[in-house]
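In what follows, a single structure is set out as structure tokens and then discussed.
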Amino acid sequence: MLGFLKNPIVVTAEINVNLVALTVMGLISRLWGLSYPRAVVFDEVYYGQFVSLYMKRIFFVDDSGPPLGHMLLALGGYLGGFDGNFLWNRIGAEYSMNVPVCSLRLLPALAGALCVPLAYQILVELQFSHCAALGAALLILLENSLITQSRFMLLESILIFFILLAVLSYLKFYNLQRHSSFSGSWWFWLLLTGVACSCAVGVKYMGLFTYMLLLAVAGLHFWHMIGDQSFSNVSLMCHFLARGLALIILPVAMYLSFFYVHLTLLYRSGPHDQIMTSAFQASLEGGLARITQGQPLEVAYGSQITLRNVLGKPMQCWLHSHTNTYPIRYENGRGSSHQQQVTCYPFKDVNNWWIVKDPGMQQLVVSNPPRPVRHGHIVQLVHGITTRYLNTHDVAAPLSPHSQEVSCYIDYNISMPAQNLWRVEIVNRESDTDVWKTILSEVRFVHVNTSAVLKASGFTFICLGASLPEWGYRQLEVVGEKLSKGYHQSMVWNVEEHRYGKSQEQKEREVELHSPTQMDISKNLSFMAKFTELQWKILTLKNEDTEHKYSSSALDWITMDTNIAYWLHPTSGAQIHLLGNVVTWASANIAALVYTCLSLWYLIRRRRQIYDIPEDAWQLWVSAGGICVGGWAVNYLPFFLMEKTLFLYHYLPALTFQILLVPIVLQHLGNHLCRSLLLKSMFSALIVAWFSSVYLVYCTFSPVTYGEPSLSAAELRDLRWKDSWNILIRKQ
């Protein structure tokens, strides 16, 4: 029974010493002195704000991309015990003692370090020699720009890690395809490909470029499988479904999960939620939720409401009126109706309250039971404080002469009768009998007499730096816009605050308008509704791009004609710059050029039935180029189409793929073009000399990569290898 104990239990394991050594060197190069400098470095001033908001559970919107990268940075802060209390207001500010600097920078540094062994494994899976794989890993290890970007609270190293992990996982899956389809390891690498792709997209939308590349490669490989008669129809369908599950459905589900965690963590109201709809704001703890909690859901005749414009940018505003009238004549000589002004006011105010009135009845209170207002109903909107009716007529608006003036009607006993009937149209209705609902319904008010739509046109003018003149208190213009001019979000309104009016007398009603509502109706949004709104804001909300001192064009990146000063010591010459290894960047460009020229040469020769290299070497050459050159192209060329402020670090994912191409080209040249022993020996000697120069340049620029030791003014001048580089030298 215990016979198995007679022999010792033996466990054998294969250890790739190259891989272990590269991982250790990668960790040392990225983690050494990680807490130095103990000051805000470049974009840490940007990402640090979001980390603080995560720590305080305050909602925010970042138009730069999805939330996974921010959450990973926040995870570092959480593990280090960061409480979020730090003022991220300037680059170079010294961190206070409560900021766990090393912990905040740890995850980007680990991601950057792991890119070194990933590069090694990618070339091995591409069927290149371990010597070539070792060269690729060492080039990544000694690339100064990748080191700099990895050592701070920035996202590029995390993005590159997930990109390389996705490529490696797919290559491992594809290589297993030949002999062990649907095995455990086959499923593992296929699913990991989908996970890594979704994480890359979740960190920055730049990850979408590599994801699309891998989908294209997977589609091409499957197309070849269709032509392989050894696969049955059932087998092909299973392969297709497996790829669809792992490469499409899983990434989409994970992408949604990133937002679910993001929205779960950030449940408190903050300054960023003002650009969201009233329904979204009301779902957050504090802020609008405190005001709207328990409001009646259905708008009824007699309801007292505030109307918020749905557009909400560049600022939120509410339909508003006050006792002042439009001037008889404007500055340009045009005349007005001299009626009571109606504007869009960007602050909460008692003059934002309106009463929904039934045109056929005089009462301004809600009946018992309430009579709800439905889509298509005709209403009058009565200003709560002045009791004048919302009105429009064929008079030109003050700032928009081609639109109608909107006012609250004053009877001057002249030939200008009131035109105050409005049809309620629920834009997001499910049926034509839908009830007008607080917060949830988005409505248009169509003027019955003229078919003009109530519109906050002032958004257009505020973007141009204009608003109503002094007589309009610099508030935003509201007009009646003809429907024929097209639909726009500034024509849509929603009820934000709501109560059922109980007081018929004006003085009692004014007291009522100043008092809060206390009724129990819940209006929580579903996750998908919140996700859809937040995703739309991320994609459409763009901060005004301004010229930055260190911004650059995509053409500057290839030859590294630009740099970025990340940090400068307040007293010494110590500084950190985003600068690449010049030899590596030049070699990567030459490798891409050589690959392109050789590929064209081979293609032309093959067309003439001349085969310079064996078929297996050709297939290896093409597949490696598809990954490396394709990866470089998809991560670089789209920047020529982008209208945004660009920086050198945007090029780093493309550069990584280009660096992987260097040893591929070198091995190909050595195997197929250096035919004699003498040529091979000379080629090997050149490679050793070239790699020595890579290491020498790495050491030369290490002081501005790590920020120490401090250099003298003369030494800094010696590092300015290009006139376009902005190396900071203090005046003596």
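The values are calculated or read from the model by the stated rules, or taken from the named source; none is laboratory data. A quick note: this is a predicted structure, and the numbers were derived from the prediction, not measured. Because the Cβ atoms are built from the backbone with ideal geometry, glycine has one as well, and the counts that use them run over all protein chains shown. What goes into the accessible areas is simple: the full protein's heavy atoms, side chains included, and nothing from ligands, DNA or RNA. Shrake-Rupley method; radii C 1.70, N 1.55, O 1.52, S 1.80 Å.
Rank these by accessible area, largest first, 1.4 Å probe: Val694, Val622. Could you put the intermediate results ahead of the total?
Numbers: Val694 0, Val622 60 Å².
Ranking Val694, Val622 by accessible area, largest first, yields Val622, Val694.
On average, how much accessible surface per residue is there in the chain, in Å², for a 1.4 Å probe, leaving out ligands, DNA and RNA? Intermediate values should be presented prior to the final figure.
Details: 33080 Å² over 732 residues.
Here the residues of the chain average 45 Å² of exposed surface.
Rounded to the nearest 0.05, what FRET efficiency do Ser503 and Val448 have when you use their Cβ-Cβ distance and R0 = 22 Å? All intermediate terms of the calculation are to be shown ahead of the outcome.
Numbers: r = 28 Å, r/R0 = 1.28.
Result of the calculation: an efficiency of 0.20.
Report the one residue of Asn89, Val17, Leu154 whose Cα lies farthest in the direction of the positive end of the charge dipole of the chain (charges on C-beta: Lys and Arg +1, Asp and Glu -1; origin at the Cα centre).
Val17
Looking at the chain only, what percent of DSSP beta bridges run antiparallel? Nearest 5 please. Each step should come with its number before you reach the end.
Values: 52 of 54 bridges.
Beta bridges within the chain, antiparallel portion: roughly 95 percent.
When we measure straight from the Cα of Lys172, which aspartates and glutamates land under 16 angstrom away, once same-chain ones fewer than 8 places off are left out?
Once the sequence-local aspartates and glutamates are set aside, what remains near Lys172 is Glu125.
With each label point set 7 Å from Cα along the Cα-Cβ vector, what nm distance links Leu678 and Tyr695?
The answer from the label model is 2.9 nm.
From zero up to wherever the largest Cα-Cα distance of the range 294-521 sits, split into 5 Å bins and tell me the percent of pairs in each.
Going from the shortest bin to the longest, the percentages are 1, 7, 15, 20, 21, 17, 11, 5, 2, 0, 0.
Taking the Cα centroid of the range 72-118 and of the range 685-710, what is the distance between the two, rounded to the nearest whole Å?
The range 72-118 and the range 685-710 have Cα centres spaced 27 Å from each other.
If the range 173-269 were replaced by its equivalent ellipsoid, with semi-axes equal to the square roots of 5 times the Cα gyration tensor eigenvalues, what would those be, largest first, whole Å?
Numbers: eigenvalues 195, 36, 24 Å².
They are 31, 13, 11 Å, listed largest first.
Could you compute Rg(Cα) / (2.2 N^0.38 Å) for the range 593-658, with N its residue count? Provide the component values of the computation, followed by the final result.
Details: Rg = 15.5 Å, N = 66, 2.2 N^0.38 = 10.8 Å.
Dividing the Cα Rg of the range 593-658 by 2.2 N^0.38 Å gives 1.44.
For the range 561-632, just the Cα atoms, rotate onto the principal axes and tell me the three extents in Å, largest first.
For the range 561-632, the Cα extents along the three principal axes come out at 68, 18, 15 Å.
Could you give log10 I(q)/I(0) at q = 0.12, 0.13, 0.19, 0.23 Å⁻¹ for the range 316-408, computed by the Debye formula over C-alpha point scatterers of equal weight, without solvent?
The Debye formula, applied to the Cα set alone, gives -0.45, -0.53, -0.97, -1.21.
Throw me the Rg/Rh for the chain, computed over C-alpha atoms with Kirkwood Rh, two decimals. Working shown, then result.
Numbers: Rg = 32.8 Å, Rh = 30.3 Å.
Rg/Rh: 1.08.
Give me the tail of P(r) for the range 1-96 as a percent: Cα-Cα pairs with distance above 22 Å. Spell out each step's value before the answer.
Details: 2378 of 4560 pairs.
Distances greater than 22 Å cover 52 percent of the Cα pairs.
So, by mean Cβ neighbours within 10 angstrom, what's the order for 44-50, 351-357, 467-473, 610-616 with the highest one leading? Show your work: numbers first, answer last.
Numbers: 44-50: 20.4, 351-357: 23.6, 467-473: 14.9, 610-616: 11.3.
Final packing ranking: 351-357, 44-50, 467-473, 610-616.
Can you tell which of Cys344, Ser467, Leu297 lies farthest toward the positive end of the dipole of the range 294-521, using +1 and -1 charges on the Cβ of basic and acidic side chains (Lys, Arg; Asp, Glu)?
In the range 294-521, that residue is Ser467.
Sorted by accessible area with a 1.4 angstrom probe, largest first, how do Leu208, Leu68 fall? The partial results should precede the final answer.
Working: Leu208 70, Leu68 20 Å².
Sorted descending by solvent-accessible area, the residues read Leu208, Leu68.
Specify the inter-centroid distance of the range 412-429 and the range 581-660, based on alpha-carbon positions, in whole Å.
If you average the Cα positions of each part, the centres end up 65 Å apart.
Can you list the HN-Hα couplings for the range 373-382, worked out from phi with the Karplus curve (6.51, -1.76, 1.60; θ = phi - 60°), rounded to whole Hz and with x for Gly and Pro?
8, 10, 4, x, 5, 9, 9, 10, 10, 9
Of Glu298, Glu430, Glu505, which has the most accessible area and how do the rest follow, probe 1.4 Å?
Details: Glu298 75, Glu430 175, Glu505 115 Å².
Largest to smallest exposure gives the sequence Glu430, Glu505, Glu298.
Roughly to the nearest percent, how much of the accessible area of the chain is carbon and sulfur, given a 1.4 Å probe? Display every interim value, and only then the final one.
Details: 20450 of 33080 Å².
Ligands and nucleic acids excluded, carbon and sulfur reach 62 percent.
Just how large is the dipole of the chain about the Cα centre, in debye to the nearest 20, putting +1 at every Lys and Arg Cβ and -1 at every Asp and Glu Cβ?
Numbers: 52 positive and 49 negative charges, 153 e Å.
Rounded to the nearest 20 debye, it is 740 debye.
Thr532 versus Asn98, label points 7 Å from Cα toward the beta carbon: distance in nm?
4.1 nm
Given charges of +1 on the Cβ of Lys and Arg and -1 on the Cβ of Asp and Glu, with all other atoms neutral, how large is the dipole of the range 294-521 about its Cα centre, in debye to the nearest 20? Kindly include the intermediate steps, with their values, before the conclusion.
On the way: 21 positive and 22 negative charges, 49 e Å.
Result for the range 294-521 is approximately 240 debye, rounded to the nearest 20.
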